[in-house]
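Undergrad: This is the structure I have questions about; it appears just below.
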């Protein structure tokens, strides 16, 4: 109860094709994250699943039932929005109750569900307040509570953390992860932030320009990206890409993650000068301008003292180097 | 305001400009109100002085209340203004919501078509409107005025409101849809309260020209039964003799209802502006 199947969904706004044929299967209880750069169609896909947008063609099945023509309220979904989207004129309690009232749930049952949800999200002290009297983090918890009380088959999250500040974002992320563990519900989460994707997901769907680039667990995507786009999108700092021809390689592009490059003052594969160093405490990011490889990023764990302008030798870990063909696909 | 951003000469300059403007804007109004309390000799002898015990006279007001059916005229004006305002706001907001919310074929064209009314004065169509009203038997009814004023107010209302409606968070509307609210509930319960300040703006812009209009009452509803205040005041404007006391008194009285309506709406206006600014 809570599976989703998307079959060849396409969506066009006039002549602009936003989704170019999406196929996806989500099993019950999974936490799936759609990730991709802005404009890749991830939010549109979520809105098609929610029923807020009609697909141009293709089918959406929730629990095996085709819901393509079912209105959003009847799909058994709940959605949490980036801008919270709380009803400004209603108290926290009524915000949570509205959807249930519309569906004709008995008052006692509404009361019970609100009690459980507000305890789960520690909303009890604010239950009679209006959204204007709450902070951003509290508002987003109310929005999550509003989704929880509906006991939906599918939870849909549309960049729910984007409007929160950095510290709150980490906290709320944790709460969402715990919520998923407790409810064991199917959740679909849209974000452009790959850190959120990596930390929350059972399964990540990487989208780019209306197509799915790769589907896999966070570690699968990190360790074996299918193509250059996924390799560059997952991981921070971004993977270094070097033109194969410059290194005398047959592959079009060679990729190596910043954390898989070592540096040495005396010898190594690529000689370069330090352009900039970022000291983060736990690790240090060096930007090296190499003669052979061009500008690359190196991530060193711990503190590393490097002066700007100093000469260093960088050596990529051969076992963790990716080779990409001319079409961007990874070469085995 | 902090001391760092306050500068005395600048403050004085700004106040001087604003005070001058206020004086210029209020001068005719004050002149009318002031002279309405004076005798005929007082008005012509010294029009710029306030009423003194010698010139003070309520003859204007007693004439207005005694002669003609001024209470009735007021009633007509109020009915026409309030009803037109209601329809302009209701239909304007609904049309604006449809134009800003739904994607349909011809959306932009429809928006342009409706905005066209801002540029073309409705009075150009007076002859056709009159023929229409004669044909439908609506001449000398308040309905005729209400219909014309609704049509006159709609273009600007739709134009302004659709801009504001576009700014209402689409997430909020979608949250309502997921919770199973109908499109009407979304419009009336979620969207309308959020655009209330802009509704007040539109209300003020729509109301004043309707209240002050002389043209359409004169042409479409000049009967004694349907006279509005502005038309009623013409009673005292003779070709040879003009009863200035009565006219000034009628005009002073005519300011009151519109002032009250304005105060009601402007409170919304100011609340809207400040609540947006400080969040």
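Undergrad: Starting from the alpha-carbon convex hull of the stretch A:80-206, give the projected area averaged over all orientations, in nm².
TA: Value for the stretch A:80-206: 7.5 nm².
Undergrad: For the stretch B:69-278, place one equal point scatterer on every Cα, skip the solvent, and apply the Debye formula. What is log10 of I(q)/I(0) at q = 0.17 Å⁻¹?
TA: For the stretch B:69-278, the Cα-only Debye profile gives -1.18.
Undergrad: Peptide B:253-262: average number of partner chain Cβ atoms within 10 Å per residue?
TA: Mean shielding by partner chains, rounded to a whole number: 0.
Undergrad: If one takes the longest principal axis of the Cα atoms in chain A, at what angle in degrees, from 0 to 90 and to the nearest 10, does the Cα axis of helix A:136-149 lie?
TA: 60 degrees
Undergrad: What is the Cα radius of gyration of the stretch A:237-324 over 2.2 N^0.38 Å, N being its residue count?
TA: That ratio works out to 1.02.
Undergrad: Now for a different question. Over all distinct Cα pairs, what is the inverse of the mean 1/r for the stretch B:167-279, reported as the Kirkwood hydrodynamic radius in Å?
TA: 17.6 Å
Undergrad: Further question on the same structure: Taking the Cβ of each residue in A:130, A:59 as the centre, tally the other Cβ atoms inside 10 Å and list the residues starting with the fewest.
TA: A:59, A:130
Undergrad: In nanometres, what is the gap between the two model label sites at residue B:189 and residue A:65, each 7 Å from Cα along Cα-to-Cβ?
TA: According to this spin-label approximation, the distance is 2.3 nm.
Undergrad: Still on this structure, I have one more. Treating the angle as unsigned and between 0 and 90°, give the value, to the nearest 10°, between the Cα long axis of helix B:8-36 and the longest Cα principal axis of chain B.
TA: Taking Cα atoms only, the helix is inclined about 60 degrees.
Undergrad: Order of A:1, A:187 from fewest to most other C-beta atoms within 10 Å?
TA: A:1, A:187
Undergrad: Assuming a ≥ b ≥ c are the square roots of the Cα gyration tensor eigenvalues, decide whether the stretch B:36-150 counts as rounded (a/c under 1.5), prolate (otherwise, with a/b larger than b/c) or oblate.
TA: Judged from the Cα gyration tensor, the stretch B:36-150 comes out prolate (a/c at least 1.5, a/b above b/c).
Undergrad: If you average the sequence gap of Cα pairs under 8 Å that are 6 or more apart and divide by the length of chain A, what percent do you get for the contact order?
TA: Computed value for chain A: 17 percent relative contact order.
Undergrad: Another one. Within 10 Å, count the other beta carbons around each residue, average over each peptide in A:251-258, A:70-77, and list them highest first.
TA: A:251-258, A:70-77
Undergrad: Per the Cauchy relation, a quarter of the hull surface: what is the mean projected area of the convex hull of the alpha carbons in chain A, in nm²?
TA: 19.8 nm²
Undergrad: To test your reading of the geometry: what angle, between 0 and 90 degrees and rounded to tens, separates the Cα axis of helix B:196-212 from the longest principal axis of chain B?
TA: On a 0 to 90 degree scale, this one is about 30.
Undergrad: Same structure again: How would A:87, A:313 line up from fewest to most surrounding beta-carbon atoms within 10 angstrom?
TA: Going from least to most buried by this count: A:313, A:87.
Undergrad: List, largest first, the extents of the alpha carbons of the protein assembly as shown along their principal axes, each in whole Å.
TA: Sorted from largest, the Cα extents of the protein assembly as shown read 110, 64, 51 Å.
Undergrad: Another question about this same structure. Kindly work out what percent of the DSSP beta bridges joining two residues of chain A are antiparallel, to the nearest 5.
TA: Within chain A, antiparallel bridges account for around 75 percent of the total.
Undergrad: Next question. For the stretch A:1-80 and the stretch A:96-150, what is the centre-to-centre distance using only Cα atoms, to the nearest Å?
TA: With the stretch A:1-80 and the stretch A:96-150 each reduced to a Cα centre, they are spaced 26 Å.
Undergrad: Sticking with this one: In percent, what relative contact order does the stretch B:69-278 have, based on Cα pairs under 8 Å that are 6 or more apart in sequence?
TA: 31 percent
Undergrad: Quickly work out the residue B:107-to-residue B:23 label distance, labels modelled 7 Å from Cα along the C-beta direction, and quote it in nm with one decimal.
TA: Rounded to a tenth, the inter-label distance reads 5.3 nm.
Undergrad: Provide the FRET efficiency to the nearest 0.05 for the residue A:132-residue B:240 pair, computing r from the beta carbons and using R0 = 60 Å.
TA: 0.40
Undergrad: Related question: Just from its helices, what would the mean residue ellipticity at 222 nm be for chain A, if runs of 4 or more DSSP H residues each count -39500 (n - 2.57) and the sum is divided by every residue, rounded to the nearest 500 deg cm²/dmol?
TA: -7500 deg cm²/dmol
Undergrad: Mind jotting down the distance between the C-alpha centroids of the stretch B:131-195 and the stretch B:37-76, whole Å?
TA: 41 Å
Taken together, the values in this text are just the output of simple stated rules run on the coordinates, not laboratory data. These numbers come from a predicted model, not from an experiment. A quick note on method: Cβ atoms are made from the backbone with ideal geometry, for glycine too, and the neighbour counts reach across all protein chains shown.
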